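Undergrad: One structure follows; several queries about it will come next.
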Amino acid sequence: MSNNNQNWEEDDFEFEDDEPTPAPQGNDLVKQLRKADRQKEKRIRDMEAELNGLRAQQRDVEVSRVLETEGVNPKIAKFIPADITNADAVKAWLIENSEVIGYNPNPQQSQQMQYADYESLENMDNVLDGAPSPGQLDNQYQMLNQVQTQDDLMRLIMGQD
């Protein structure tokens, strides 16, 4: 005997007694049929609600799993439309909206971009090598303020003291 602790309504099971029950008469039969129909409709609604809840829960788990494996912030899940339910659809949505959410579907491309960023930083560093430091700029600004003649200005531009 199983220990099934589900709440069953008493009307779900009919037990046969040794005594035959009298057949319902006319209007009483219609009332009993309507009552049975209402109970079935209620049971169907409850099962549909439970099914929808389980589907939503399964979708949330699937979306969270895909976001985690793709390395995307899990807070993005609230922006994914409800009709996207499987892993392939979630990945397709991520790729489609990659620019908006900051997702990079190709990590190798990301490394190539990082190398390009290093090259551009190195180029900037090379350009700035000849640039004066902030202290030198202050000194040049003071010298520019002290210019009174065109000859002073030319000496300053040519770098002659």
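The values are calculated or read from the model by the stated rules, or taken from the named source; none is laboratory data. This is a predicted model, so every value here is computed, not measured. Virtual Cβ from ideal backbone geometry, glycine too; neighbours counted across all protein chains shown.
Undergrad: Could you check the range 104-161 and list, in sequence order, the residues that are modelled with pLDDT of 75 or more and hydrophobic (A, V, I, L, M, F, W, C)?
TA: Selection gives Met143, Leu144, Val147, Leu153, Met154, Leu156, Ile157, Met158.
Undergrad: Being surrounded by fewer than 10 Cβ atoms within 10 Å (Cβ to Cβ) and in contact with a Lys or Arg (Cβ under 8 Å, 6 or more places away or on another chain) is the filter here, so list the residues in the range 67-101 that pass it.
TA: If the condition is that a residue be surrounded by fewer than 10 Cβ atoms within 10 Å (Cβ to Cβ) and in contact with a Lys or Arg (Cβ under 8 Å, 6 or more places away or on another chain), then Ala82 is the only one that fits.
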